[in-house]
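> What follows is a structure written as structure tokens; I'll ask about it next.
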Amino acid sequence: MTDTEPSIKVKAFFDTVTFTAQYVIYDPKTSAAAIIDPVLDFDPASGTISTKHADEILQYGKDKGLDFQWVLETHAHADHLSAAHYLVEHTSAKTGIGAGITTVQSTFAPVFDFEPEFAVDGSQFDRLFADGDEIPLGDLTIKVLATPGHTPACISYYVENTVFIGDTLFMPDYGSARADFPGGDAATLFSSIQKLLSLPEETEIYLCHDYKAPGRDEFVWKTTVGEQKRHNIHLLQYPTEADYVAFRNQRDKGLSMPRLILPSLQINLRGGSLPPAADNGIQYLKLPLNQFSKKS
């Protein structure tokens, strides 16, 4: 941290269908830019995939004269399809995600009966990041923070006075993320939250989602470390690890699965690529039956 004005520029694109905040971050001195957590539009009723949100990002980059160098994922999302592959096709960017993606791939590839040649080594992405890795972006440096718990692959991107934290926390009036997906763990999530809260209080936190807490009229996806410390409803009510884990585990038992988890994982584990076409030339997403039902 320095006393100088931060040079990073942040532009958010919010998808009200999946409640997802997508970001373009860039260095205004060099125009080097990265895209974080982009959405591929999907209509589950018709099986139609479109690129409206991704095209808005591309147009923004064109208008600003940006050089997109990275498409960065905070984790393998269960609530929206990733537009990473589409964006890479239309830019010179490379893709990156947390190294824990290999665990997620190994878990879910058999569930979806992926093709035998599907590799569970993360090779669908250009770079797998570990805690402490640094990503150059023009004159800026993005530091990778491992923040697992929601999933094993969760990471955050910390640059200057900003951090992009995926699903680890929500707005203070909404709380924190679930930890009941395969490989998730409430104690690990609690530790990751404490790691984020150890950053300077003025650090700006950019969220992946906002579901608009009861009584709030507008979507909001930006907060600070200090605001989370002082106002996050889950952290205030359950300040110790033991209390938080007990709360999180009990709460997660009553949560339904995300509406788009089945199609999302089949795309996102491939780095945003669609599955290979069947012999008839059509690409399919599968619906594994009775694999994600809550156990009583």
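> Which is the longest part of the chain that has none of the trypsin sites (Lys or Arg not before Pro) sitting in a DSSP loop with at most 11 other Cβ atoms within 10 Å? Write out the running numbers ahead of the final one.
Working: sites that count: Lys29, Lys294, Lys295.
Maximal segment without exposed cleavage sites: 30-293.
> Mind jotting down the distance between the C-alpha centroids of the range 231-261 and the range 79-132, whole Å?
Between the Cα centres of the range 79-132 and the range 231-261 lies a distance of 27 Å.
> Less than 27 Å apart at the alpha-carbon level, and either on another chain or at least 8 residues along: which lysines does that give for Lys11?
Those lysines meeting the cut-off are Lys29, Lys52, Lys62, Lys64, Lys94, Lys143, Lys195, Lys212, Lys222, Lys229.
> Now, a different point. Which shape class, rounded, prolate or oblate, goes with the chain when its Cα gyration tensor gives a ≥ b ≥ c as root eigenvalues, a/c under 1.5 marks rounded, and past that a/b bigger than b/c marks prolate? Numbers along the way, then the final one.
Values: a/c = 1.59, a/b = 1.08, b/c = 1.48.
Because a/c hits 1.5 or more and a/b fails to exceed b/c, the chain counts as oblate.
> Determine, from the Cβ-Cβ distance of Asn290 and Ser106 and an R0 of 22 Å, the FRET efficiency 1/(1 + (r/R0)^6), rounded to the nearest 0.05. Before the final figure, lay out each step's value.
Details: r = 21 Å, r/R0 = 0.95.
For Asn290 and Ser106, the calculated efficiency is 0.60.
> Let me ask something else. Determine the dipole magnitude for the chain: charges of +1 sit on the beta-carbon of Lys and Arg, -1 on that of Asp and Glu, nothing else is charged, the reference point is the Cα centre, and the result goes in debye to the nearest 20. Working shown, then result.
Values: 24 positive and 39 negative charges, 133 e Å.
Dipole size: approximately 640 debye.
> So, one more: Place +1 on the Cβ of every Lys and Arg and -1 on the Cβ of every Asp and Glu in the range 173-232, take the dipole about the Cα centre, and give the residue among Pro200, Phe181, Gly226 whose Cα lies farthest towards its positive end.
Highest projection toward the positive end goes to Phe181.
> Specify whether the C-alpha gyration tensor of the range 180-233 places it in the rounded, prolate or oblate class, a ≥ b ≥ c being the square roots of the eigenvalues: rounded for a/c under 1.5, otherwise prolate if a/b is larger than b/c and oblate if not. The partial results should precede the final answer.
Working: a/c = 2.11, a/b = 1.18, b/c = 1.79.
Here the range 180-233 falls in the oblate category.
> OK, next. Taking amide H positions as placed in the peptide plane 1.01 Å from N, state which residues far from Phe42 in sequence (5 or more) or on other chains have amide H under 5 Å from it.
Ser50
> When a/c is below 1.5 the answer is rounded, else prolate if a/b is larger than b/c, else oblate, so apply that to the range 136-208 with a ≥ b ≥ c taken from the square roots of the Cα gyration tensor eigenvalues.
Working: a/c = 2.19, a/b = 1.55, b/c = 1.42.
It comes out prolate by the Cα gyration axes.
> Restricting to bridges with both residues inside the chain, how much of the DSSP beta-bridge set is antiparallel, in percent to the nearest 5? Please list the in-between numbers first.
Details: 32 of 46 bridges.
Here the antiparallel bridges make up roughly 70 percent for the chain.
> Also, I was wondering about something else. Based on DSSP H assignment, which helices of the chain show an axial Cα extent of at least 15 Å together with a mean Kyte-Doolittle hydropathy greater than or equal to 0.5?
186-197
> Given the -39500 (n - 2.57) contribution per DSSP H run of 4+ residues, what per-residue ellipticity at 222 nm results for the chain, rounded to the nearest 500 deg cm²/dmol?
Details: 8 runs with 72 residues, N = 296.
About -7000 deg cm²/dmol.
> Given Val88, Val17, Leu274, which one lies farthest toward the positive end of the charge dipole of the chain, if we put +1 on the Cβ of every Lys and Arg and -1 on the Cβ of every Asp and Glu?
Positive-end residue among those listed: Val17.
Since every read-out is calculated from the coordinates, none of them should be taken as a lab result. Note that the coordinates shown come from a computational prediction; the quantities given were computed from them, not determined experimentally. All Cβ positions, glycine included, derive from the backbone under ideal geometry; neighbour counts span all protein chains shown.
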